[in-house]
Structures are given as structure tokens and as C-alpha cells.
1. Return yes when residue 136 is modelled with pLDDT of 70 or more, under 17 Å from the mean Cα position of the chain (by Cα) and surrounded by 17 or more Cβ atoms within 10 Å (Cβ to Cβ) and no when it is not.
2. Name every residue in the stretch 180-228 that is under 23 Å from residue 119 (Cβ atoms), part of a strand (DSSP E or B) and in contact with a helix residue (DSSP H, G or I) (Cβ under 8 Å, 6 or more places away or on another chain), in order of residue number.
3. Mind checking which residues of the stretch 246-272 are more than 24 Å from residue 194 (Cβ to Cβ) and either surrounded by 13 or more Cβ atoms within 10 Å (Cβ to Cβ) or in contact (Cβ under 8 Å) with a residue 40 or more places away in the chain (or both)?
4. Does any residue in the stretch 19-45 that is in the same structural domain as residue 57 (by TED's automatic domain parsing) come within less than 8 Å, Cβ to Cβ, of a residue that is surrounded by fewer than 17 Cβ atoms within 10 Å (Cβ to Cβ) and in a strand (DSSP E or B) six or more places away or on a different chain, and which pairs are these?
5. Here is a list: 198, 202. Which entry is assigned by TED's automatic domain parsing to the domain that holds residue 263, surrounded by fewer than 17 Cβ atoms within 10 Å (Cβ to Cβ) and without any contact (Cβ under 8 Å) to a residue 40 or more places away in the chain?
6. Would you call residue 222 at pLDDT 85 or above and buried (at least 17 other Cβ atoms within 10 Å of the Cβ)?
7. Do the conditions hold for residue 232, that is, is it assigned to a strand (DSSP E or B) and buried (at least 19 other Cβ atoms within 10 Å of the Cβ)?
């Protein structure tokens, strides 16, 4: 074979824009076999047409198509099944676009929630509508606020196993975790809680003992840098109208300027139907 009619590895690199090391890597993957190897120098030479194969490989890299998958579309004699490859690439791109759309919805939802919460100053009372939430709760003694997340993780590590956890960007906001106090005439029962996603796997929920449904409704809220949940009855006394039975929920919130070492807490109680019986607290044994 005439070397003069072939491209050296350096020339192929300049022609395609792929680095010399990348071309050698493609050869190790058996995606790009040299058209000719000089027996004296061991230099590799490539045909002009092989430049198109390099371009295909680079496109696959840009599309996040694993190179090991590309071997399915290249035969031993370097014949490329273009149609099958394009169909495969299209499928991957559609999945990526769907993921990007979910990510965009998540970002937009978080921006809206941050903008809403940023309207209020620390210590300012306000009301807001909150949709129904599903919490996994752990009955606890008096809770140190800065230990709540660690307590949840230690008590229920199976919730956070990567193989069991829910996919990213499925929601319009981050799921909540924090402290919940159930106030009754008999006393106060604190809980650690973490919010469960609406499509959580039955594989996970089957391991959970206590699931509490938090009803949708209008909640009175206040923000503070310190935990105030133990004083919830006093703080919201004029809105509770003397009721001794209510839920108080406190969790960290995201604000426009979020301090990792000093996050802002939102404390909230429900305005309507404050006398909540066990049927509203749907515990599951």
C-alpha cells in the first residue's frame, strides 16, 4: 500500500481535530484500525475516508454515546450502520432533552419559591397556601435543631441509598426535612421528619413505619435564624384562638442569599381545621 496516498496519524489529527492520543485510544477500542502500519517504523497511516469515522466517534462523544456502544454499529471491515447509529443517538438525545426540561422546571420552581419567601423579613408574620405533603416521621425527644438531618439519615439510611433514591429534577422544589411538633391537650410530641417524593418506590416505603400526611391548606408562617418551634403556641397564639391541638412544622428554607452555616428557618402552623384528629395524621404501622 502506498503511504503517499494515506494520512499519518499527525495529519489525521490536524484534519479531524482529534488529538493523537485520542486516535490511539480509538484504535485500542478497535474502533479505528490503521489502514497501514509501516513494519519498519511502526508508524500508523490512515485513509482519507477514515477521517469520517473519526468525526462519527467525536459526535458520539458529544452526544454522550458511550464509545463501547459504538462498536455495535461498526463491523470488522469498518462498515458503519449509519441509520441504526443515528436512531440510537436520537433516542439518547430525546432522553437528555427530557432530563433538561425537568431540570429547567426544577430551577424555575425553586426561583419562584425563593422569590416568594424573600418577600418576607425575619420575624414578619405571613400566610401562604401549602399543598399536601407526605412525611416520614420519627418520634423523638427534645430535638437539637442542628442535629435533625443527621438524625434522619442515621435512623433511616435506606431512604438515602443511591440505588433506591428517586431520580433528580422530578419536583419543582427541594423536599423538606426538619422538626414537627404535635401539640395536644395531653402534651407535645416532637418528631424528626423528611418529606417523601410523590413517586417514591414501594421498595422504600415498605421499610417505613410512620408516614404522616400533612394536609393542604392555609398556614401562618414566620421566619427566624433560630429554632422557635418550642414557642409555637406563644408565637401564633392570636391565630390559634385558644386551640391546644395543632401541628407546628419547622424546616430550613432557601432564600436568595442562603447561608450554609446559618440557614433561615420557617415555622408554620395551620390556620384552618387546627383541631386535628388521628385520621388526619395517617400513621401506618
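The values are calculated or read from the model by the stated rules, or taken from the named source; none is laboratory data. Treat the numbers as computed from the prediction; the structure is a model and nothing was measured. Every residue, glycine among them, receives a Cβ derived from its backbone with ideal geometry; neighbour counts consider all protein chains shown.
1. no
2. Listed by number, the residues that qualify are 220, 222, 223.
3. Result: 256, 271, 272.
4. 43/8; 43/37; 44/8; 44/36; 44/37; 45/8; 45/36; 45/37
5. It is 202.
6. Yes; evaluated as a whole, the condition is true for this residue.
7. no
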